[in-house]
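Just so you know, all these numbers are worked out from the coordinates, no wet-lab data involved. Please read all numbers here as calculations on a predicted model, not as lab measurements. Cβ sites come from the backbone with ideal geometry, for glycine too, and all protein chains shown count toward neighbours.
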Amino acid sequence: MTEYEWKTGYCEYLFEDPSNQNGNVKVTTLHWTCTVSDPDIPGIPGVTNIGTVSAADQNRVYTLAALQNVPESVMTGWVQQALDNSDQTVQDIEDSLLAQWNDAIQPSGGGITPT
């Protein structure tokens with residue numbers, strides 16, 4: 001069965017008051033990966049898409065200590081929400097990955113390098 005794995009690897013932020021680096025921070029950009037694979041099909045690696053999305057519209061403000069303790073699963077939810085509010089939705093990304101995955105398991109063509 002085809003599975004999608006979303007991960008958030010990096011979160012960018014800005015200090016609300018740059019002169020007070022102990023103050024609140026606002027999340028600005030989230031870096032993500034999405035991989036499609038099928039554990040029932042051995043020998044074919046997953047297909048991965050990597051990207052970033054602006055989170056500025058979400059207006060997420062935290063203390064730095066609190067932001068450092070936000071679980072990845074929560075940040076991944078932020079990624080998906082931000083994507084669905086942008087020009088590239090979660091469904092678009094998953095559909096593109098699935099098409100690439102299907103081509104990997106049943107290629108419609110190929111190429112060679114001459115010797």
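Overview of values
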read-out	value
Only listed residue being assigned to a strand (DSSP E or B) and either free of Cβ contacts under 8 Å to residues at least 24 places away in the same chain or more than 11 Å from the chain's Cα centre (by Cα) (or both), chosen from Val53, Val36, Val70	Val36
Residue in region 94-102 that is crowded, with 16+ Cβ neighbours inside 10 Å and part of a strand (DSSP E or B) present	no
